[in-house]
Amino acid sequence: MFEKILIANRGEIAIRIIKTCKRLGIKTVAVYSDIDSRSLFVREADEAVHLGPSPSSASYLVISKLVEAALAHNCQAIHPGYGFLSESASFAAEVVAAGLIFIGPSAEVVATMGDKIAAKNMAIKAGVPVVPGCNQALSDLAMIREKAAEIGYPVLFKPAAGGGGRGMRSVHGPDQLASALQSAQDETRKAFGDDRIFLEKFIEGPRHIEVQIMADQHGKVLSLGERECSIQRRYQKVIEESPSPAVDPILRQKMGDMACALAREAGYSNAGTVEFILDQHGDFFFMEMNTRLQVEHPITEMVTGLDLVELQLRVAAGQHLPLNQDEVQMNGWAIEARICAEDPSRSFLPSTGLITRYGYLRGDNIRLDSGIEAGSVISVFYDSLLAKVAAWGPNRDAARQTLVQALNRYHIEGVITNVDFANAILNHPDFSAGTMTTAFIEEHFDDGVSRLAPPRKHLEAMAIAVTTVYHNRENLMRQSLKPMIAKVGSSPRAEVTHRYMVKGEGDIFAVEFKGEFQNDKQGEHPVRAWDFWVDGVHYAVKTPEFEFFRRRLRLEINKEIQYFRLQYRQNFIWAAFCGISRIFEIYTPQEWELAQYMPKEQTRIGANELTSPLPGMVVSVLINEGERVYKGQDLVVIESMKMESGVASPCDGIIDAITTRPGVAVETGDVLISFKG
Ligand code: ADP
């Protein structure tokens, strides 16, 4: 086994790999860019090497620096993690050329699988079903028209060098072919420096099912079961689970056999994932093979009890896989949510900044893979994945509920995240029923908000939570103003009924409760039991560990423990629970009456400017001064966290001045363009 390895990655995956290395007694060398110098993963590693400036092209992607660092620090092997160079055949080759071991398959296999056309050909050779289509690079429109008609619409343009869903375009009729081809080619040329495009049947309403395989260098290939990753946004996974509710033992066996057949045909070793698309008739087709550890590997670990990084290390060191196929057991269910720094309410624009508060998660059956802590800087340089929260249960619903509870108390402040969006997905009845397809988010969500009204009982629980906190905070303040009276008159007054009106967006609740915030004789333990009525519905509420001014609240409501995330904003309380996040206003009955007479807030007229909605770098300015533009038209393109986002005009108008240019770094709110008049 290795004594020391270098990890050519950062953030949560670097920490994940370090964890297994520590357990196995393997020393680790981290690498980092300028902005990562004080990151958690750098401190967790035994040694660390500074690579260079923050942009990944000057640090994490510079092969020579990585190889030199590994040699200088006496490493025997390099683990690439995922992303960055993990699927770069030239990286794998140069690592080996330097006399080091690449923890992954051979450079040749990485190259074949990295080319979707070559990979598809390999699958056909191995007898694996592939999506019908034209498996060659196409650029001639007449030829494409002919092939598309043969395949039958809808069709999908796919980049041969693809990844991360970039460059794919679905086409529903011949008149869309030319423009879809153009934009697919432009995007793939930019993203991969390779604009080869091929054509596939676009499968409607499919599910994404992938099989984890592990192969050693002695010919043994194991299937470690499937993961379902149908919950995607723009072809990017958001929620993953293992096993899949759509896969029965017969299908599992078939998919596993096919995945292993492909791995054997390719001469594969180490961890890999074979991605399939499952259509509505139960037929499955090969999509691609990822020649690395996947982001979502924890759920496979949770159901199989295996440590995939350990197996990767053993296999790379030349050891035999320590188990046989019949010893691979899938036990229970695991579901994972990817937590990203992005703002669902603003088209999922990346969010950057400093993490000011961080509520670490622990608990039975919960796994947190995270690379952040309070004080971490979330920059524009890398992708937006902050952490992965996964939960295990003996069955799917138990895992789902544990994950919902975990997200209810996963508190990250300083950057905007998709925590509540992920939680809303988990709380959607179609997700609970397990009937989702890859179109799930598009079908059920607008700007990250479910089209279904939230369940009444969730809103009532939130009304209880915010009232409890508000009332007791008020009480505490009153007590602190009259310390003597509070002490002298400390007899329980549980008979008093308190009344509040609670308003959360369009919903109004009349909340009544009995019970009193009350210290015991030593002044230590507050009264814990309350009777609540929300619009007349009774709830027995206990406050087991009532702490004021904390951002997480734990309440027992009708004998079930619930967690809420809260933030105080003057007389308002922002609360999040089960994927619902709202600002609540709390009024006494008198205040409520007066509030009815308050003038409605005037809608502000926006300034005559276009400001940057996110921090990043201006890539292009799409218009000229004096040009007429229309509301919704993209005027500027900004790159942030590896993503390009168009910034649309807020109005119809004429461009007065352009105050930015390509290459300029901008912050949120910087003026980009001003309009005439
Ligand atoms: P990438 O390597 O860019 O991630 P994939 O081939 O893995 O691309 O595809 C990403 C996602 O795109 C899949 O999970 C699936 O949802 C969708 N997809 C891919 N091929 C098809 C197809 N032929 N029909 C419908 N959806 C597809």
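The values are calculated or read from the model by the stated rules, or taken from the named source; none is laboratory data. A quick note: this is a predicted structure, and the numbers were derived from the prediction, not measured. Counting neighbours? That spans all protein chains shown, and the Cβs are built from the backbone with ideal geometry, glycine included. These area figures cover heavy atoms from the full protein model, side chains too; ligands, DNA and RNA do not enter into them. Shrake-Rupley method; radii C 1.70, N 1.55, O 1.52, S 1.80 Å.
Key figures
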| read-out | value |
| --- | --- |
| Antiparallel DSSP beta bridges within the chain, percent to nearest 5 | 90 |
| Residue-by-residue Karplus 3J(HN,Hα) for segment 52-67, coefficients 6.51, -1.76, 1.60, Hz, glycine and proline x | x, x, 5, x, 5, 5, 9, 9, 5, 9, 8, 4, 4, 5, 5, 5 |
| Relative contact order (%) - criterion: Cα under 8 Å, at least six apart; region: the chain | 9 |
| Segment 323-449: translational diffusion in µm²/s, Stokes-Einstein, Kirkwood Rh over Cα pairs, 4 °C, 1.567 mPa s | 82 |
| Helix axis angle, 116-125 relative to the chain longest principal axis, alpha carbon, degrees | 70 |
| Alpha-carbon radius of gyration plus Dmax, which is the widest Cα pair, for segment 607-656 in Å | 10.9, 32 |
| Whole-number Å³ per residue for the convex hull built on Cα positions in segment 86-143 | 106 |
| Stokes-Einstein diffusion coefficient of segment 4-103, Kirkwood radius over Cα pairs, 10 °C, 1.306 mPa s, in µm²/s | 122 |
| Highest to lowest packing among 381-392, 141-152, scored as the average C-beta count within 10 Å | 381-392, 141-152 |
| Mean Cβ neighbour count within 10 Å, used as a protection proxy, ranking 155-161, 178-184 highest first | 155-161, 178-184 |
| Normalised per residue, the volume of the convex hull around the Cα set of segment 1-63 (Å³) | 71 |
| Accessible area in square angstrom per residue, segment 1-144, 1.4 angstrom probe | 39 |
| Neighbourhood charge, 10 Å Cβ-Cβ cut-off, centred on His73 and excluding it, Lys, Arg +1 and Asp, Glu -1 | -1 |
| Where Rh is the Kirkwood radius over Cα pairs, Rg/Rh for segment 207-450 | 0.97 |
| Solvent-accessible area, 1.4 Å probe, carbon plus sulfur percent, for the chain | 50 |
| Euclidean distance between Cα centres, segment 186-232 to segment 637-656, Å | 32 |
| Gyration tensor (alpha-carbon) shape descriptor, segment 183-246, a/c threshold 1.5 | oblate |
| Ellipsoid equivalent to segment 54-197 - semi-axes via the Cα gyration tensor, in Å | 36, 18, 10 |
| Tail beyond 24 Å, pair distance distribution of segment 574-677 (Cα, percent) | 46 |
| Cα-based reach from Lys27 at 15 Å (exclusive), listing aspartates and glutamates while leaving out same-chain residues under 8 positions away | Glu3, Glu44, Asp46, Glu47, Glu310 |
| Over the chain: Rg over Rh, Cα atoms, Kirkwood Rh | 1.00 |
